[in-house]
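Enquirer: First the structure, then my questions, so here it is.
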Amino acid sequence: MGTKRKVLLDLAVSLDGYIEGPHGEIDWCIMEEEMAFDQFLERVDTILFGRKSYELFLQFLRNPFLSEEDRSMMETMNSKKKVVFSRSLTVIDEGRIISENLKEEVEKLLLEPGKDLWLYGGASLIEAFMKEDLVDEYRLSVHPVLLGSGKPLFTGLMERKNLKLRETKSFPSGVVQLIYEK
């Protein structure tokens, strides 16, 4: 039997720990070719969404003004299996909805054959995954910006989580990517 799939959290975060600005803005996020995001996408075959993040993903996907580069990335993301964690959605365009038993359902997903799973977000879903100790790898791209306020990355932690630094990469823009595993 092959190796067990992993849950990967890959997020952009400001230097002061926010994943969104005070009005939900993410215009401060830098994507550069050296970050090899396409290689990360090759590693996963499933994206895990909270309801709000899924709806925002669909809005972005349908934006007619996307650059060719953004459109290509969105099409690659859209080609992945989608799992949406929601108590209010009952139907999605394509994919699967999980409304209860988060830990049990994710453990089932991890046993299915395939590539790793990308925990896309949002913040409350990330918090729930962390609470259940379901995140195997934290890939944080720290951006050279101080937002002052917004949506913090880590909320609701009730206990210490010791992680091992596996890799550090820095990029010309000043972004530093930190990759930790549990």
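The values are calculated or read from the model by the stated rules, or taken from the named source; none is laboratory data. No experiment lies behind these values; they were computed from the predicted model shown. In this analysis, Cβ positions are derived from the backbone assuming ideal geometry, glycine residues included, and neighbour counts consider all displayed protein chains.
Enquirer: Could you check, for the range 165-173, whether at least one of its residues is more than 14 Å from VAL7 (Cβ to Cβ), touching a helix residue (DSSP H, G or I) at 6+ places or on another chain (Cβ under 7 Å) and free of Cβ contacts under 8 Å to residues at least 40 places away in the same chain?
Expert: No, because not a single residue in the range 165-173 is more than 14 Å from VAL7 (Cβ to Cβ), touching a helix residue (DSSP H, G or I) at 6+ places or on another chain (Cβ under 7 Å) and free of Cβ contacts under 8 Å to residues at least 40 places away in the same chain.
Enquirer: Something else about it: Which residue pairs have Cβ atoms closer than 7 Å, lie 6 or more positions apart in sequence or on different chains, and pair a first residue in the range 57-86 that is farther than 13 Å from TYR120 by Cβ with a second residue that is part of a loop (DSSP other than H, G, I, E, B)?
Expert: So the pair list comes out as SER86/SER99.
Enquirer: Also, quick follow-up: State whether the residues of the range 141-158 include one that is at pLDDT below 95, under 17 Å from the mean Cα position of the chain (by Cα) and outside any loop (DSSP other than H, G, I, E, B).
Expert: yes
Enquirer: Is one or more of the residues making up the range 82-92 small (Gly, Ala, Ser), over 28 Å from GLY148 (Cβ atoms), out of contact with any Gly (no Cβ under 6 Å at 6 or more places or on another chain) and surrounded by 15 or more Cβ atoms within 10 Å (Cβ to Cβ)?
Expert: Scanning the range 82-92 turns up at least one residue that is small (Gly, Ala, Ser), over 28 Å from GLY148 (Cβ atoms), out of contact with any Gly (no Cβ under 6 Å at 6 or more places or on another chain) and surrounded by 15 or more Cβ atoms within 10 Å (Cβ to Cβ).
Enquirer: Looking at the range 35-45, can you tell me whether even one residue there is over 14 Å from the mean Cα position of the chain (by Cα), exposed (fewer than 15 other Cβ atoms within 10 Å of the Cβ) and on the phi > 0 side of the Ramachandran plot?
Expert: Among the residues of the range 35-45, at least one is over 14 Å from the mean Cα position of the chain (by Cα), exposed (fewer than 15 other Cβ atoms within 10 Å of the Cβ) and on the phi > 0 side of the Ramachandran plot, which makes the answer yes.
Enquirer: Scan SER53, SER14, SER67 and give me the residue that is over 23 Å from ASP136 (Cβ atoms), surrounded by 15 or more Cβ atoms within 10 Å (Cβ to Cβ) and small (Gly, Ala, Ser).
Expert: Unique residue meeting the criteria: SER14.
Enquirer: Spot the failing condition for GLU181; the list is (1) at pLDDT 95 or above; (2) among the acidic types (Asp, Glu); (3) loosely packed, with under 15 Cβ neighbours inside 10 Å, and only one is missed.
Expert: (3)
Enquirer: Could you give every pair whose Cβ atoms fall below 6 Å, whose first residue belongs to the range 98-122 and is under 13 Å from LYS81 (Cα atoms), and whose second residue is at pLDDT 95 or above and among the polar types (S, T, N, Q), counting only separations of at least 6 or pairs across chains?
Expert: Taking only residues 6 or more apart or on different chains, the pairs are LEU117/THR46.
Enquirer: When only residues in the range 111-161 that are aliphatic (A, V, I, L, M) and surrounded by fewer than 16 Cβ atoms within 10 Å (Cβ to Cβ) count, which is farthest from LYS52 (Cα to Cα)?
Expert: For the range 111-161, the residue satisfying everything is LEU111.
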